[in-house]
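**Student:** Submitted below is the structure of interest, expressed as structure tokens.
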Amino acid sequence: MKYNFDETINRNATDCVKWDIRKQIFGESEVLPMWVADMDFKTPDFIVEAMKKRMSHEIFGYSVRQDDYFQAIIKWLYQRHKWKVEQEHIVFCPGIVPALNLCVQAYTQPGDKIIVQPPVYFPFKSSVLENGRQLVTNQLCFENNRYSMDFDDLKKKIDRRTKMILISNPHNPVGRSWTFDELKELSDICLKNNILMISDEIHHDLTLKPFQHTVLANISDEVAAQSVILTAPSKTFNLAGLSTSSVIISNLNLRNLFITALEKVHIGGGNIFGNIASTAAYTHGDAWLSDLLDYISANVNFLDSYLQKNLSHIKMIRPEATYMAWLDFRELNMSDSVLKHFLIHTAKLGLVAGTDFGQGGEGFQRINLACPHKTVEKAAELLNSAIKEMSNNRYLL
Ligand SMILES: Cc1ncc(COP(=O)(O)O)c(C=O)c1O
């Protein structure tokens, strides 16, 4: 491995959400934070160098995205995902959550129905409800320790007012990398019922071996024409603070509607460093990403075997993609509020409660494994001692 991910970097007092607002989020300032989806690794040197070079110019006026910015994205998407994208199909947006909200505003009317597949990344739900649309839930199935889409339920939930589905591809938090066949079945239903597909593919580069990401728009030309694909370098290269993402829309009519919604609120400008970092990441990031994925897989393997060996009543749903693992605590027979209290105050671990992701999240927690191996070891030990402490107390009672 050429790159070193073992270094522990103090992120305290850097205005960092993950570490600096622990007290606000958990009511405890000393929890080990393994919650929000960013990485405790340094952004790679080739990105930092490109930013420093631009910084040394010392003028930061309005900027424009040139061809090299778009060409870097196009090359990356083709090489990594076998997806051919035209330059004019790429629309800048300052983040995927803003893009989800703009899609809802651009393509649906108040009162229209929009489908989400919980347990799922919580802004999916809020982008529907906060824009006055009706939320329809098509809960994922969980059988034999594996999640799948419930197509029968989906068909039953569709009616005249159903206009859109928000897809997490790969899925946060359950870690599924949806297969070609699954996406084909889903998109067949959507095509038949004229439902627009918004596929959030922000985690697509973080697909772990041996799984393979399928871009929704690659299913067929018809699907590409009835879908909007959201992607960004932010998760892959730890650039979330630079608010730079791409909304890729091959259908001209859909693209114009999105651009109109974006321009209405004048947020298409972006920022110089987002442009520079994105170009550098997509131009030079291949080897770094390959090392990163191996490192994350090793963290996943470690925690999974640690749990099997020492804490067999806590089960990991192994991620096929993303750097987060979904942990099943249901055998502990705790209510969600007791489990949350136990993890924060006894184990001193800052995870994300499964219930935050909606229906089907009860009894689960999401843990972020994009951190040095030592941090994962520490988390495992904290959990182990807390369980022992709880067992002793139960015994004493
Ligand atoms: C599925 C998914 N979409 C979007 C985001 C956030 O995107 P952004 O920071 O670009 O708004 C996240 C962050 O965790 C995510 O997991």
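**Student:** Given the criteria polar (S, T, N, Q) and within 23 Å of Arg176 (Cα to Cα), does Gln117 qualify?
**Tutor:** In short, yes.
**Student:** Give the residue that is nearest to the ligand (Cβ to nearest atom), with candidates limited to residues of region 209-218 that are under 22 Å from Gln117 (Cα atoms) and surrounded by fewer than 20 Cβ atoms within 10 Å (Cβ to Cβ).
**Tutor:** Here is the first cut: in region 209-218, the ones under 22 Å from Gln117 (Cα atoms) are 211-218.
Within this subset, residues satisfying the condition of being surrounded by fewer than 20 Cβ atoms within 10 Å (Cβ to Cβ) are 211-212, 218.
Details: Phe211: 17, Gln212: 19, Asn218: 19 Å.
It comes out as Phe211.
**Student:** Considering region 241-261 alone, what residues qualify as being surrounded by 21 or more Cβ atoms within 10 Å (Cβ to Cβ) and either away from the ligand (no atom under 16 Å from the Cβ) or not in a loop (DSSP other than H, G, I, E, B) (or both)?
**Tutor:** Leu242, Ser245, Ser246, Val247, Ile248, Ile249, Phe258
**Student:** When Ser187 is evaluated against the numbered criteria (1) within 16 Å of the ligand (Cβ to nearest atom); (2) crowded, with 22+ Cβ neighbours inside 10 Å; (3) at negative phi; (4) touching a residue at least 40 places away in the same chain (Cβ under 8 Å), which criterion, by number, is the only one it fails?
**Tutor:** So Ser187 meets the others, but not (1).
**Student:** Take the residues in region 304-336 that are part of a strand (DSSP E or B) and in contact with an Asp or Glu (Cβ under 6 Å, 6 or more places away or on another chain), then tell me which one is surrounded by the fewest Cβ atoms within 10 Å (Cβ to Cβ).
**Tutor:** Looking at residues that are part of a strand (DSSP E or B) and in contact with an Asp or Glu (Cβ under 6 Å, 6 or more places away or on another chain), I get Lys315.
**Student:** Are any residues in region 157-181 more than 16 Å from the ligand (Cβ to nearest atom) and either among the aromatic types (Phe, Trp, Tyr) or under 18 Å from Phe357 (Cβ atoms) (or both), and if so, which ones?
**Tutor:** Phe180
**Student:** Within region 123-134, track down each residue that is surrounded by fewer than 18 Cβ atoms within 10 Å (Cβ to Cβ) and touching a Gly at 6+ places or on another chain (Cβ under 9 Å).
**Tutor:** Across region 123-134, the qualifying residues are Gly132, Gln134.
**Student:** Now, a different point. Any residue at all in region 342-354 that is crowded, with 19+ Cβ neighbours inside 10 Å, part of a helix (DSSP H, G or I) and in contact with a Lys or Arg (Cβ under 9 Å, 6 or more places away or on another chain)?
**Tutor:** yes
**Student:** Let me ask another. Looking only at residues in region 84-111 that are under 13 Å from Leu166 (Cβ atoms) and touching a residue at least 40 places away in the same chain (Cβ under 8 Å), which one is surrounded by the fewest Cβ atoms within 10 Å (Cβ to Cβ)?
**Tutor:** Per the criteria, the residue is Tyr107.
**Student:** Follow-up question, since we're still on this one. Being assigned to a loop (DSSP other than H, G, I, E, B), away from the ligand (no atom under 16 Å from the Cβ) and of a type outside the set (Phe, Trp, Tyr) is the filter here, so list the residues in region 42-65 that pass it.
**Tutor:** Passing the criteria: Lys42, Pro44, Ser56, His57, Glu58, Ile59, Gly61, Ser63, Val64, Arg65.
**Student:** Quick one: would you say Ala225 is in the same structural domain as Trp83 (by TED's automatic domain parsing) and more than 22 Å from the chain's Cα centre (by Cα)?
**Tutor:** yes
**Student:** Next up: Could you please let me know if Pro233 is modelled with pLDDT of 95 or more, within 16 Å of the ligand (Cβ to nearest atom) and either under 30 Å from Asp112 (Cα atoms) or assigned by TED's automatic domain parsing to the domain that holds Tyr107 (or both)?
**Tutor:** Numbers: modelled with pLDDT of 95 or more: yes; within 16 Å of the ligand (Cβ to nearest atom): yes; either under 30 Å from Asp112 (Cα atoms) or assigned by TED's automatic domain parsing to the domain that holds Tyr107 (or both): yes.
Yes: the conditions hold for Pro233.
**Student:** Within region 221-230, work out how many residues are within 15 Å of the ligand (Cβ to nearest atom) and either part of a helix (DSSP H, G or I) or touching a Lys or Arg at 6+ places or on another chain (Cβ under 6 Å) (or both).
**Tutor:** First, pick out the residues of region 221-230 that are within 15 Å of the ligand (Cβ to nearest atom): 228-230.
Restricting the remaining residues to those that are either part of a helix (DSSP H, G or I) or touching a Lys or Arg at 6+ places or on another chain (Cβ under 6 Å) (or both) gives none.
Number of matching residues: 0.
**Student:** What number of residues in region 1-41 are exposed (fewer than 14 other Cβ atoms within 10 Å of the Cβ) and either small (Gly, Ala, Ser) or in a loop (DSSP other than H, G, I, E, B) (or both)?
**Tutor:** At the first step, the residues of region 1-41 found to be exposed (fewer than 14 other Cβ atoms within 10 Å of the Cβ) are 1-2, 4, 6-10, 12-15, 23-24, 27-30.
Those left that are additionally either small (Gly, Ala, Ser) or in a loop (DSSP other than H, G, I, E, B) (or both): 1-2, 4, 6-10, 12-15, 27-30.
Result for region 1-41: 16.
**Student:** Scan Trp83, Trp35, Trp76 and give me the residue that is within 16 Å of the ligand (Cβ to nearest atom) and either touching a Cys at 6+ places or on another chain (Cβ under 6 Å) or not polar (S, T, N, Q) (or both).
**Tutor:** Trp35
**Student:** Looking for something small (Gly, Ala, Ser) and closer than 20 Å to Val36 by Cβ - is there at least one such residue anywhere in region 153-170? Full working, then the answer.
**Tutor:** Let us first name the residues in region 153-170 that are small (Gly, Ala, Ser), namely 168.
Then keep just the ones that are closer than 20 Å to Val36 by Cβ; that gives 168.
Looking for residues that are small (Gly, Ala, Ser) and closer than 20 Å to Val36 by Cβ, one finds at least one in region 153-170, hence yes.
**Student:** Applying the selection to region 116-148, what residues are among the hydrophobic types (A, V, I, L, M, F, W, C), under 18 Å from Leu196 (Cα atoms) and more than 16 Å from the ligand (Cβ to nearest atom)?
**Tutor:** Correct list: Leu129, Leu135, Val136.
The values are calculated or read from the model by the stated rules, or taken from the named source; none is laboratory data. Predicted model, so just to flag it, every value in this text is computed and none were measured. All Cβ positions, glycine included, derive from the backbone under ideal geometry; neighbour counts span all protein chains shown.
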